[in-house]
Structure formats: structure tokens, C-alpha cells
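Novice: Handing you a structure now.
Where a number appears in this text, it was derived from the coordinates with a stated rule and is not lab data. Because the structure is predicted, anything quoted here is derived from the model rather than measured. Here Cβ is always computed from backbone atoms with ideal geometry, including for glycine, and neighbour counts include all displayed protein chains.
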Amino acid sequence: MSDDGNPWVLPLGFPLGVSYPRHKDGRIYESVNLDGDLREIVPASRRAVWRLAHGAWSIDAGNWGRSDVLAAALEDGVDDPEEALDLLISDGFIAQIERSDAAIEKFASEHSVHALLVGYGVGAELAGNRQMLGSIEHGLRFMVDRDVFDFWTWAQLEPDLHSAANVLVNRPAEITGREYRTATDFSRAAISIIQTLIARGALYLLRTSAAVDQSPTVAPEVRI
Amino acid sequence: MTEPSMSPDYYREPAILPLGRDLGLIADASGSTRGHLQLGPNDLVLEADHYATWRAAHHATDLKSGRRHNKGDTIEAASQAGVVDAERILRELIEQALIVQASGDNAISLALQLRAVPSATGIGPVSGGDGLSAIGFGMDPIVVIPDSVLEVMVWSGVELNLMFACSRAIDRTAVESTERYLLDPVFRVEEFLYHAQDLIAVSALWLDIVSPRDQVGGDQSA
């Protein structure tokens, strides 16, 4: 079945959890570092859909799109998830990407990737085709394919996904286990990789400065 | 906000802080392993003893005394992990700037040279813990830090260096808080570095160098 009518959806921003900083009015909300500011998601339906857009429910399936998130939200009893999703998209908390090359290119040029967790690498007990990510001290670990590990390691060094694709498309296939013809092919594949990593809490996405109208921060004067 | 406590030890004995992101072990055909790190735009491979000593530098504060993990503690931990001549190896790692020693004397210098990169996300405020927030993976909390430290951590992932991240936190504090000490950049840097060891110990944070490439980078905070 074609997914053409089911655009990808990806959450944006660095999550700060629920109710930080505290609201004097007692409201519960998600706080997200997004577009250079701390922003809040207050309505329960939007909080639920934003969480579901991280796709942790879909680790095995992967490659989820708008209709999958809406179906998961309906299953969870979320009120009017379609309206909640549309508002999250218009407010910039979620990116919706049509499955065309032009849409993928636009998304890639406007977003940067930021890795979370640490690597376990390849232990002696593992076959060479997969590598582990996790948190050493907390027994959290999961295996990913070599191309996912390679992306997790290196994509964050580039200012945006477009630049990352242009660099990583040339990575040797004997390291990544994959070959791509063009950077656009890579970016298309990268969306599935990004979903895999976001679902595991191993990555977050931000809009680039090119996509955000924001003045630069000025360092404080320091007297020592 | 509650005024955080920083042990006087911070100013007497430098705390050990490892630099770089752990990428894990690399096994070769013979089955022997080496450590794989990322620092700036480079990946580095450390021999087993050097990697074990670098890992031994990932250690939280002694909860009873509030004392930072220092050079002697790292040597002891590395020796317990089977490293022979841990003192020499630690010295080499410090010379290679894969481990730094932080104190009140060099905090600002470090803040200008280093980026603090979160590897875990916020969970939310600690119930009943005024001014404290939990950091973790997914919904699982792994460490609790003062809100004032979290404020810096929020920006540290997207700012050029730790100094800029403190600046961002202070900008926001100036709007929301009347606590004057929170507006002091030197205090904010020292406080963050004081708690960085606890964050690094649980893989919630890693320290990177500010490379020339970062200075022309295009993240959202540029």
C-alpha cells in the first residue's frame, strides 16, 4: 500500500518534561525548548498527540505517518486528535512532511538533528552488523543497524540534515551497511532513521537558524 | 528556587571531568576491545586501559560528604577496574585534554572552551523537592538537579559554549527570579560545573570542545 497520502510527522524540540517551570495556576503542561524559547503545550489532547508523535508505541513498525499517529490517539481516547495534531503543526511543535523529494529537501534544509544517549559500540558478544545505544549506568540499551548508529554519531555535527545527507551519503558502505545514490535518497532514508531514534529517546530535532527568525545571544560580560 | 549548596571542597580540590561522548567498545577480529569516543568533529580510539581510566572519570559526587570525584578517586576507580599504572594513564589523558580538572580557578576558562551537550531530557519537577527537577531517559528519571542547573542545561545543547548557555539562562532568570546570585554569570558557571559531574556520571550530559566548525554552525541559536 502506498504511503503517499500519509505524510510523516516528527516532533520538534528538546523535551523538558511535564510542568517545568512550575505554573502558579497549577496547570499541567509539557515544556519544550523550541525555536530558541521555552514553549508550552497545555491542552491535554495536544500533549497526548505530541507524545504519540514521538512514536514509542511504534518501534517495531517504524516509518509512521499522520494517519498512524491519529489512529494511536483515537485508540488512547484522545479528544479530537486531528485538530490537536493540526494545531501542533501550525504552532511548530510537529513537522509534517509530504513524501515527495521537494518536501524532503525542504525539511532537510530547515532542521538539525541532536543526539541523546551514549554508545555501547559493538561488544564481543555481538554480531558485527549491529551496534548498541543506551545508558551504561542504567542498563538501558538497544541495538540499531550500523547505518542508524552512523547517523546518530555523525549527523549532529552538521548544521542541518541537508548538509548531513551530503556528507553521510559518501560514507563507505562497509561501515554503514547501506548505499545511497543521492543525498536526497539519503534524506528520505534518514527520516525513517530519525523516527527509529526519536522513538528510543536517542535523538531530537530542532529548526535551524535559517528557519527561525531569531536574534543572536550576547555573551555576558565577565569580571574576574 | 532554593539557594543551592556547593561544597567548599569545590574551591580546594579540582573535580575530574571527562571530555567526549562515549561511542562504546570496538572489538577487533582477535576479540580484544578498544574504546571509541567522539570529541569535536573527530572520533578517537583509546586503548583498553586508557578507555577504562576515562570511564573511571565518570563518577558522581560522594553523597555523604558532597565531595567531588577527584584525581585520586579516578586513579583508585581505574585501578579497581584492572588498570595497571592508572596514575600515568590519567596524567596522559589530562595532557591529551580528554580529562580536565575543574575548580573555581578555571571555571570561566572552561566555560569558554567547552560545550555541555545533554544526552538525556527533562522529566519534570520533583514532587515535594522545591526547586529540583528530574532528568532522565523517556519517562525514567535518573538524576535530580537544581532548576538553576537545568536552566543552563536547556540551552547548553544549542549554544556555542557553556558561557553562552549561562547567558541564556541568566536572561530568563532575570525575568522570572529575584534571586540576585542567579544573575551572576560566574556563579552560574561554577554551579553548573559543580553539578556536571553528577550529570556526566549517569550519561545525562557530555562535555565537548568548542571547535572552529562549531563557530560557523547553523543551529537554531546562532
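Novice: With Cβ to Cβ distances under 12 Å as the rule, what net charge do the other residues near B:Y51 carry (K, R +1; D, E -1)?
Specialist: Net local charge, B:Y51 excluded: -1.
Novice: Follow-up question, since we're still on this one. Count, for each residue of B:19-29, the Cβ atoms from other chains sitting within 10 Å of its Cβ, then give me the mean as a whole number.
Specialist: Other-chain Cβ atoms within 10 Å of each residue's Cβ, averaged: 5.
Novice: Whole-Hz Karplus ³J(HN,Hα) for region B:106-122, in order, using 6.51 cos²θ - 1.76 cosθ + 1.60 and θ = phi - 60°, x for Gly and Pro?
Specialist: These are the phi-based 3J(HN,Hα) values: 10, 4, 5, 4, 5, 5, 7, 9, 10, 10, 9, 10, x, 10, 9, 10, x Hz.
Novice: Something else: Tell me which residues come under 5 Å, amide H to amide H, from B:G124 once H is placed; ignore anything under 5 positions away on its chain.
Specialist: Distant-sequence amide H within range of B:G124: A:V18, B:A134.
Novice: Sticking with this structure for a sec: Applying 1/(1 + (r/R0)^6) with R0 = 22 Å to the Cβ-Cβ distance of A:D37 and B:V186, what FRET efficiency is obtained, to the nearest 0.05?
Specialist: With R0 = 22 Å, the Cβ-Cβ based efficiency is 0.30.
Novice: Got the relative contact order for region B:87-214 handy, in percent, Cα pairs under 8 Å and 6 or more residues apart?
Specialist: Relative contact order comes out at 30 percent.
Novice: May I ask for the net charge around B:A111, where only other residues with Cβ less than 12 Å from the Cβ of B:A111 are counted and Lys, Arg are +1 while Asp, Glu are -1?
Specialist: -1
Novice: Which ³J(HN,Hα) values, rounded to whole Hz and listed in residue order, are derived for region A:157-167 from phi using the Karplus coefficients 6.51, -1.76 and 1.60 in 6.51 cos²θ - 1.76 cosθ + 1.60 with θ = phi - 60°, glycine and proline given as x?
Specialist: Values, residue by residue: 7, 9, x, 8, 5, 4, 5, 4, 5, 5, 7 Hz.
Novice: Relative contact order for chain B: what percent, with Cα pairs under 8 Å and sequence separation of 6 or more?
Specialist: With pairs under 8 Å counted, the relative contact order is 25 percent.
Novice: Please compute the modelled spin-label separation between A:W57 and A:A102, points set 7 Å along Cα→Cβ, answer in nm with one decimal.
Specialist: Distance between label points: 3.3 nm.
Novice: Pairing the Cα long axis of helix B:147-156 with the longest principal axis of chain B, what angle in degrees results, from 0 to 90 and rounded to the nearest 10?
Specialist: Computed tilt is about 60 degrees.
Novice: To the nearest 10 degrees, how steeply does helix B:86-95 sit against the main Cα axis of chain B, on a 0 to 90 scale?
Specialist: For B:86-95 against chain B, the angle is about 60 degrees.
Novice: Taking the 0 to 90 degree range and rounding to the nearest ten, how far is the long axis of helix B:71-80 tilted relative to the main principal axis of chain B, both from C-alpha atoms?
Specialist: The angle comes out at about 40 degrees.
Novice: Moving to a separate point now. Using a basic spin-label model with each label point 7 Å from the Cα along Cα→Cβ, how many nm lie between B:E13 and B:N42?
Specialist: Between B:E13 and B:N42, the label points sit 3.2 nm apart.
Novice: To the nearest 0.05, what FRET efficiency results for B:N106 and B:E179 with a Förster distance of 25 Å applied to their C-beta separation?
Specialist: 0.50
Novice: Okay, moving on. How crowded by other chains is A:164-176, given as the mean number of beta carbons from other chains within 10 Å of each beta carbon?
Specialist: 0
Novice: Restricting things to alpha carbons, find the Rg to Rh ratio for region B:8-162 using the Kirkwood radius for Rh.
Specialist: My calculation puts Rg/Rh at 0.98.
Novice: Sequence-distant or interchain residues sharing an amide H contact under 5 Å with B:R67, placed H: which?
Specialist: The list, which skips near neighbours in sequence, is B:D62.
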